[in-house]
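Colleague: What follows is a structure written as structure tokens; I'll ask about it next.
Coordinate-derived values only; no laboratory data. Because the structure is predicted, anything quoted here is derived from the model rather than measured. In this analysis, Cβ positions are derived from the backbone assuming ideal geometry, glycine residues included, and neighbour counts consider all displayed protein chains.
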């Protein structure tokens, strides 16, 4: 089904999206939970709605890890998180022994770096510059 290039707005407004969930497939759910808890400085899992699926409440969004070995690390699986200071977070993560990219700075726009989780999913970190 092809959508029109400009979708009409219902009642003159946009869709109101109140939350988002980003799901990442992983091979070993327990190992992934441990990795994300350390890398993102998270507490315990917030929800386990079903076997093989856990969720962390990150505030503005939910991070969902799903046991799905066939799709873990497929190209295009990623999450980018906004942080206060990308360079500081990069140093912290590198200090944990994680392989991180260099910080790329787009002057007046953002600083960005990334790492890859043990399943091959890309985790990006961005700081908006003002």
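Colleague: Rounded, prolate or oblate for the chain? Axes are the square roots of the Cα gyration tensor eigenvalues, ordered a ≥ b ≥ c, and the cut-off for rounded is a/c under 1.5.
Modeller: oblate
Colleague: Please figure out what share of the DSSP beta bridges in the range 19-128 is antiparallel and state it in percent, rounded to the nearest 5.
Modeller: On the way: 18 of 29 bridges.
Of those bridges, close to 60 percent are antiparallel.
Colleague: Using only DSSP helix segments of four residues or longer, with each worth -39500 (n - 2.57), what per-residue ellipticity at 222 nm results for the chain after dividing by its residue count and rounding to 500?
Modeller: The helix contribution divided over the chain gives -5000 deg cm²/dmol.
Colleague: Oh, and also: For residue 1 and residue 57, FRET efficiency with R0 = 35 Å and r from the beta-carbon atoms, rounded to 0.05?
Modeller: According to the calculation, E is roughly 0.55.
Colleague: How far, in nm, would the chain grow between residue 94 and residue 75 when pulled straight, counting 0.36 nm per residue and subtracting the alpha carbon separation?
Modeller: Separation in residues times 0.36 nm, less the Cα-Cα distance, equals 4.5 nm.
Colleague: Now, a different point. Kindly put 82, 18 in sequence by how many other C-beta atoms sit within 10 Å of each C-beta, fewest to most. It would help to have the intermediate numbers written out before the result.
Modeller: Working: 82 12, 18 4.
Placing the least packed residue first, the sequence is 18, 82.
Colleague: Sticking with this structure for a sec: Rounded if a/c is under 1.5, else prolate if a/b is larger than b/c, else oblate: which is the range 56-127, with a ≥ b ≥ c the root eigenvalues of its Cα gyration tensor?
Modeller: Cα axes put the range 56-127 in the prolate bin.
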